[in-house]
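Everything on this sheet refers to the single structure shown next.
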Amino acid sequence: SSPSRTPTMDLLASLGLANDLPEQSTRLTSHPGILKALNGSSDDDDDVQLGFNRCLNCGDKFDDEQLNKPVTCKGCMRVKYCSQDCRKSDSQASQQDDEIGCGHSPVICSLLSLCNEDEAAEEELFNEAGNKTLTSSNSGISNSKREAARYRVQTERESYPATLFNILVESPDWFIEAITRRLRCKEDPISPEPVKRRGKRDRSSPVKPTKEKRELVLHIVGASVDSELWGWNGKGKKVDIPVLNAYAEASTNITSYIKNLLVANSCSIRLVFIGPDCPKPCRVEVPIPDSKSTLVVETHCCNYSGAKQPYLPAPDAIVFFNPGFSCPDYDWSKALSAACAYQLSDSLTGPTPFLITTNTEMEGFADVKCLLDGGYVDAKSLPGDILEAVDHPAAGKEEEDDDSSTFFFSENPYSGLRIRQSGTMGNDLYVKNRWIVGGFFQSGIGVDALKKKRKSVVGKSNADGDEEKEKKQARKRHRVEQHDDGSGVNKNTKKKNPALI
């Protein structure tokens, strides 16, 4: 079961923040120059990065030819200002009633200071994994701080396997039922017609034993060497690969659950990592502790095309770790269409379950909106409060309908301890995998229908463009109101709304 407290909560509590990580701390209304910078011309050569290439307090652009060099915060050495006055102003309490960001407060400065130690610790761990000579910048700190930094980095790494398997086991009944449907559909004595069932089965009623080899298949889409695979390049002996052992250890709970469900001696778990930043194709088998089951890990260095890639087994669930569907730097349309098409290739599986993690709550809402606007999920499956939060036309449906929703959105109790800094807003913070989203991809809709639906959504947004909406988005980004302008590009993106990571 979920722990009553998580390491992240304990760290925040020690700083007097309870469980409330100040994700959006950069001030947007305290100085008119900020809005001017965010709503400036798109002809600028660089993106607006407050605290990096712009003053964090007033939004002025740093000029290489200016006489006065940018003023860097001496406490954390991670944010810049155009003057000492701006630095002091950003650290003081805001006088604006509608300003939510706390600015560069002592707490934010302390959290950003940890980022320096964590980055050096991460470099050490990667060098050790590659047997390289250590050139760490952590040499000037005490051993206790170095060990604490390494621990924070390790908890972030372990959040990937911990989230993947623990959330599946502890998910709502309808979700775990859908994931295991293919494993038991052929010999389920309670449900002779599995295609018509929708998660109503008694979880304690096992199916008949079978000699057929069973495996739970999970696709991890958009995976990379640096994140989900901890720097592993697909080489080395399996007994010496920490990331594979971590995934195997984390899978023990779901292995036990499936064993009891199927009354089978074993059921292997097959993790398929797909992405252009994955290692070259490889396959490794690792024994799962305290069981006769095996964890099979595959990597494929390619984009995700789903059923069009015959070497990929049909998934029982599709997982995306921090995908950033709303970010214009990535095009997820083909991958999401392929994920939706999987359910049409096998009549036994039904709608394909998905699990998504995001770094911030606002990113989670942005991803949900992208899924809705693209037709990848059915609005009827979402609770009314989620639809209202993303300003969807279906918001306001009857409250009792929420009981039948097949969707969840919440904080992730298995996120790590490491707190990171936004690359576009200097005072904004995030924790990887801190929010989780789960549900079903759109049922009974093909790729062609999805394309038509997306075109109609874009056409509608073109007709409703309004410059005032952009300013409203910048001022009240905590409300996650996302509007489109004439370009048809979602405003909640890195380029148009730098509040996103």
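The values are calculated or read from the model by the stated rules, or taken from the named source; none is laboratory data. What you see is a predicted model, and the numbers here were worked out from it, not measured in a lab. When we count neighbours, we look across all protein chains shown, and the Cβ atoms used for this are built from the backbone with ideal geometry, even at glycine. Only protein heavy atoms, including side chains, enter the accessible area calculation; ligands, DNA and RNA are left aside. Shrake-Rupley method; radii C 1.70, N 1.55, O 1.52, S 1.80 Å.
Pairing residues of region 139-159 that are at pLDDT 95 or above with residues that are hydroxyl-bearing (Ser, Thr, Tyr), at Cβ distances under 6 Å and at least 6 apart in sequence or on separate chains, gives Ser159/Tyr414; Ser159/Ser415.
Quick check on Val286: is it touching a helix residue (DSSP H, G or I) at 6+ places or on another chain (Cβ under 7 Å) and of a type outside the set (Lys, Arg)? Spell out the reasoning first.
Numbers: touching a helix residue (DSSP H, G or I) at 6+ places or on another chain (Cβ under 7 Å): yes; of a type outside the set (Lys, Arg): yes.
So Val286 fits the description; yes.
Within region 298-315, the set of residues being in contact with a strand residue (DSSP E or B) (Cβ under 7 Å, 6 or more places away or on another chain), under 26 Å from Pro351 (Cβ atoms) and either of a type in the set (A, V, I, L, M) or not in a loop (DSSP other than H, G, I, E, B) (or both) comprises Glu298, His300, Leu312, Ala314. Would you confirm whether or not region 371-380 contains a residue that is within 16 Å of the chain's Cα centre (by Cα) and touching a residue at least 24 places away in the same chain (Cβ under 8 Å)? Within region 371-380 (the criterion being within 16 Å of the chain's Cα centre (by Cα) and touching a residue at least 24 places away in the same chain (Cβ under 8 Å)), the answer is yes, since at least one residue qualifies. Against the criterion of being of a type outside the set (Asp, Glu), in a strand (DSSP E or B) and over 25 Å from Phe440 (Cα atoms), Arg270 does not qualify.
Quick one: in region 397-427, of everything that is modelled with pLDDT of 90 or more and among the charged types (D, E, K, R), which residue is farthest from Glu156 (Cα to Cα)? Within region 397-427, the match that is farthest from Glu156 (Cα to Cα) is Glu411. In summary, Lys453 fulfils each of the numbered conditions (1) touching a Gly at 6+ places or on another chain (Cβ under 8 Å); (2) modelled with pLDDT of 55 or more with the single exception of condition (2). Scanning region 229-260 for residues that are surrounded by 19 or more Cβ atoms within 10 Å (Cβ to Cβ), touching a helix residue (DSSP H, G or I) at 6+ places or on another chain (Cβ under 8 Å) and small (Gly, Ala, Ser) gives Ala250, Ser251. If the condition is being charged (D, E, K, R) and open to solvent by 10 Å² or more (accessible area, probe 1.4 Å), then region 213-228 contributes Lys213, Arg214, Glu215, Asp226. Residues in region 404-443 that are outside any strand (DSSP E or B) and in contact (Cβ under 8 Å) with a residue 12 or more places away in the chain: 23 in all. Among the residues of region 287-313, those that are under 25 Å from the mean Cα position of the chain (by Cα) and open to solvent by 40 Å² or more (accessible area, probe 1.4 Å) comprise Cys301, Asn303, Ser305, Ala307.
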